[in-house]
1. Collect the residues in the range 456-502 that are hydroxyl-bearing (Ser, Thr, Tyr) and touching a residue at least 12 places away in the same chain (Cβ under 8 Å), keeping them in residue-number order.
2. Which residue pairs have Cβ atoms under 6 Å apart, sit 6 or more places apart or on different chains, and have a first residue in the range 233-256 that is touching a residue at least 12 places away in the same chain (Cβ under 8 Å) and a second that is polar (S, T, N, Q) and in a loop (DSSP other than H, G, I, E, B)?
3. Would you be able to tell me the number of residues in the range 415-463 that are hydrophobic (A, V, I, L, M, F, W, C), assigned to a loop (DSSP other than H, G, I, E, B) and open to solvent by 80 Å² or more (accessible area, probe 1.4 Å)?
Amino acid sequence: MGSSSSSYAPKTIYLDVDGKVQKVVFSRHCSPCDIKELLCSSSNIPRNTAIMMVNPEGALVSIDPTMPTNSQNSLYKVVPLSTGQLGEKEDMFQNVLSQVADQFSRAFRINELKTEVTNRLAMLEKRVELEGLKVVEIEKCKNDLKKLRDEMTSRGGGRVNCPCKYNFSDDGKKVTPRRDVPNYPKYTLSQETVEALKKPTFDVWHWEHNEMLSCLEYMYHDLGLVKEFNMNPITLKRWLLAIQENYRNNPFHNFRHCFCVSQMMYGMIHLCNLQEKLTLTDMGILMTAAVCHDLDHPGYNNTYQINARTELAVRYNDISPLENHHCAVAFQILSLPECNIFANVDPEAFKQIRQAIITLILATDMARHGEILDSFKHKVDNFDFTNEEHVTCLKMVLIKCCDISNEVRPTEVAEPWVDCLLEEYFMQSDREKSEGLPVAPFMDRDKVTKPTAQIGFIKFVLIPMFETVMKLFPQIEEIMVQPLRDSRDHYEELKQIDDAMTEGSSFMFRLRTDLKKVD
């Protein structure tokens, strides 16, 4: 071993940087990560780049405090690594995990161990976000940490604090937003897709969940919402992933429906030139309410919740129990620092944004349809975009339009949604029958058909609402209102065919009966 003074003396190496000699001095107690940052800085390489160092003969030189010194006549060179050469990053991560495991094995008091693991978890999460490590590394780290937490729980006999701040739903499902860096790949959207996203004709059936997440992420950037609210792009990704994971796999009220409503909102913003009439804050409220409007929907509507006296109905006193639940889940997710896209918004401004989003999500309760549409009808002829009450009413009608806008889309896109909705209706009516609860005729598989389900809804709900919006935005007639009229005609023709077939079957039955009587 060297003397005390020599062990603390700094170490000097010399680099070849673009043909020039660069002197680098560092403490012998620096970590390899610190030395790598110093080498990157000295070599004009971005600080988070993976690197290796070679001597004049091309041999690798270890990057750590024990590396051999050199002279100005034998210069080292720093070389950036390609993506496939990042094994050293994994070694660093494994080293950190090994240290955590080592600390765990030496611990004798469970409370100290909890604190240690929690601190190291926070440290690793911060490093992950700052250095942008690969997904496979993150997943490996997360799995190892989970093993540590599970072992700690089994030894301590207690429950480790969950990062999730809420745990409620009708079926007892745990809603658990993700803490790690989002693992959906980044898709580069073609110009064709970018233009199609702005139109109601967009085919929502051709996209996987990862692609839909990327499309939603693009919408927030394109509308200027990321810049307006000073969102951390990683937080936006994590928030969208948490949103997707908290939509259930219902036949209809699922994440694809969430994407449909959000894409239609994005399309209406462009079609109606709302950027010129509303503020960026209004755009953020409209898009975020659309994304969150059916979070954790259990697949059974408010009527069932109230009649079955579910936990949700009791909690919200039979007043829009599902919509209140969607709001609660939305803001529980936003309450997590790692998912709060509004973290950099002024607290007073956030309070107003929160209230506006709640107002819009609650407006999607169809029990309030007549009330909201009547209010808008009284304002539309003398609409004032500077009047806050008028604008709030417009935003409520816009989210209602988007929520039930499937029939605006081309028939090949819209019709599968009818099958999905009927499947969800039939699941509910079957459950209501088995539990002795009232069954709505339009949800009873023995009484409803696709034409009868759609004709009344299109004629008396969709067309009147969209035609009222058309008074304010005439440009929607061709691309939104006319498809609704065509859809009404399509289902009326189907109903005529069904009626004719039913009448024909009835006639044949009567004819057979009369022939038997003659015999």
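The values are calculated or read from the model by the stated rules, or taken from the named source; none is laboratory data. Everything numeric here is computed off the predicted structure, so don't read it as measured data. Neighbour counts run over all protein chains shown; Cβ positions are idealised from the backbone, glycine included. These accessible areas exclude ligands, DNA and RNA; they are computed on the full protein's heavy atoms, side chains included. Shrake-Rupley method; radii C 1.70, N 1.55, O 1.52, S 1.80 Å.
1. Applying the first criterion (hydroxyl-bearing (Ser, Thr, Tyr)) to the range 456-502 yields 468, 487, 491, 502.
Selection gives THR468, SER487, TYR491.
2. If the second residue must be polar (S, T, N, Q) and in a loop (DSSP other than H, G, I, E, B), the pairs left are TYR247/ASN254.
3. Summing the residues that are hydrophobic (A, V, I, L, M, F, W, C), assigned to a loop (DSSP other than H, G, I, E, B) and open to solvent by 80 Å² or more (accessible area, probe 1.4 Å) in the range 415-463 gives 0.
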